[in-house]
Amino acid sequence: MIDVGIVGGTGYTGIELIRLLLQHPEARLKCLTSRTEAGVQVADMFPSLRGVLDLAFSPLDIELLKRCDVVFFATPHGVAMKHAAELIAAGVKVIDLAADFRLQNLDKFSQWYGMAHECPDILKQSVYGLAELNREKIKTAQVVGNPGCYPTTVQLGLAPLLKAEHDLIDYQNMIVDAKSGVSGAGRKASMSMIYTENSDNFKAYGVAGHRHHPEIVEALENISGKQGIFDGLTFVPHLVPMIRGMLSTIYVNLTEQGQATDIQKLFEDFYQQEIFVDVMPANSQPETRSVRGANHLRIALYQPLPNRLVIVVVQDNLVKGASGQAIQNMNIMFGLKESLGLGSIGLLP
């Protein structure tokens, strides 16, 4: 059994980790920390866990965490990097669901997250945890930076094109129009997040700049092996009045080589062996509800003009976009079947 600790067990990604790990046959929850709810029974805060989990939240005790095999940080940015070195020294694997180990560019990290990185040496050794593209590196990683939710949809939506032998798209003219449910903003008291502000409303945000933009650019550079060619990418996130779910629409222009390529077959072949990535039949209409509560990501392709490709990607922002992907990474790190504990099917209606 894998002894698991979760730092930050009261947020949306934290409770999602708990839900999924309780269904994992090889995982045992050993420690759940909360800065504000220490001493409170988990089932008292989350009634869905009554009769399922007899554990109380505890303060962050590094000595207790050292007794775990893996520690998930479902915390705000800046927390995991304060404790990673001590946990690694004790032989504990670390999976961070925030941004501490996503960006390798220290200047970009400081610019977008307003803090200096506290363990740049560990950052260099960490692995970006997009399993479908970095599986071999994740197998031997001590520290994994779980990708952001938006960047997950963009990378998996573009990877087959970027990995192709020839240049199939115009890299300087790419648009990502992305939409997320309100849970993507986290579980906090905020005027902009309350029901009356979001119900029956739809808005863009971060139009002038969003912290997932540099993560997307750095990741696409790593996937393609090409540096400095994605500066023209436009990324605009939107908030939609639903609890969970994410839909990203990616617009790219095809080169002559791209127009001569069977793009549908390219994607189907690329993801043929990937259990959590579903390339839907041509001209399908992916819906967020088809992945609600599941670790699946679905992709649909459209070519409305000979030189224009539209890629639509849907996922549950709390599962494949966060906690499910983190458990997928844990499975790889411990040599388990990648899908273990992640067999949930999307909830309908």
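The values are calculated or read from the model by the stated rules, or taken from the named source; none is laboratory data. Fair warning: this is a prediction, and the values are worked out from it, not measured in the lab. No Cβ is skipped: glycine too gets one built from the backbone with ideal geometry, and neighbour counts run over all protein chains shown. For the accessible areas, the whole protein counts, side chains as well, though only heavy atoms, and no ligand, DNA or RNA atoms are used. Shrake-Rupley method; radii C 1.70, N 1.55, O 1.52, S 1.80 Å.
Miscellaneous remarks
- Residue within the stretch 256-278 that is of a type in the set (Lys, Arg), without any contact (Cβ under 8 Å) to a residue 12 or more places away in the chain, surrounded by fewer than 21 Cβ atoms within 10 Å (Cβ to Cβ) and part of a helix (DSSP H, G or I) present: yes
Here is a yes/no grid of residues against (1) touching a strand residue (DSSP E or B) at 6+ places or on another chain (Cβ under 9 Å); (2) not hydroxyl-bearing (Ser, Thr, Tyr):
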site: Glu256; (1), (2): no, yes
site: Phe267; (1), (2): yes, yes
site: Tyr271; (1), (2): yes, no
site: Ala282; (1), (2): yes, yes
site: Val312; (1), (2): yes, yes
site: Ala326; (1), (2): yes, yes
site: Leu348; (1), (2): no, yes
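- Residue list for the stretch 12-42, filter: farther than 20 Å from Phe334 by Cβ and surrounded by fewer than 20 Cβ atoms within 10 Å (Cβ to Cβ): Arg35, Thr36, Glu37, Ala38, Gly39, Val40, Gln41
- Against the list (1) farther than 14 Å from Arg211 by Cα; (2) more than 20 Å from the chain's Cα centre (by Cα); (3) among the charged types (D, E, K, R), the condition Asp107 fails is (1).
- Only a single item in (1) over 20 Å from the mean Cα position of the chain (by Cα); (2) open to solvent by 10 Å² or more (accessible area, probe 1.4 Å); (3) at pLDDT 95 or above is not met by Asp177, and it is number (1).
- Residue pairs meeting the criteria (Cβ under 9 Å; at least 6 apart or on separate chains; first open to solvent by 20 Å² or more (accessible area, probe 1.4 Å), in the stretch 82-108; second aliphatic (A, V, I, L, M) and part of a loop (DSSP other than H, G, I, E, B)): His83/Leu60; Glu86/Val92; Lys93/Ala141; Leu97/Ala74; Leu106/Ala116
- Filter pass, Lys320 being surrounded by fewer than 16 Cβ atoms within 10 Å (Cβ to Cβ) and among the basic types (Lys, Arg): no
- The single residue among Ile345, Ile299, Ile327, Ile332 that is free of Cβ contacts under 8 Å to residues at least 60 places away in the same chain, within 30 Å of Ala141 (Cβ to Cβ) and not charged (D, E, K, R) turns out to be Ile345.
- Residue in the stretch 90-105 that is of a type in the set (Phe, Trp, Tyr), assigned to a strand (DSSP E or B), at pLDDT 95 or above and under 22 Å from Ala322 (Cα atoms) present: no
- Residue match in the stretch 162-169 (condition: in a helix (DSSP H, G or I), in contact (Cβ under 8 Å) with a residue 60 or more places away in the chain and closer than 14 Å to Lys226 by Cα): yes
- Close Cβ contacts (under 9 Å, 6 or more residues apart or on different chains) running from residues in the stretch 1-24 that are on the phi > 0 side of the Ramachandran plot to residues that are open to solvent by less than 10 Å² (accessible area, probe 1.4 Å) and part of a helix (DSSP H, G or I) comprise Gly8/Gly14.
- Scanning the stretch 73-98 for residues that are farther than 19 Å from Thr10 by Cβ and acidic (Asp, Glu) yields one hit, Glu86.
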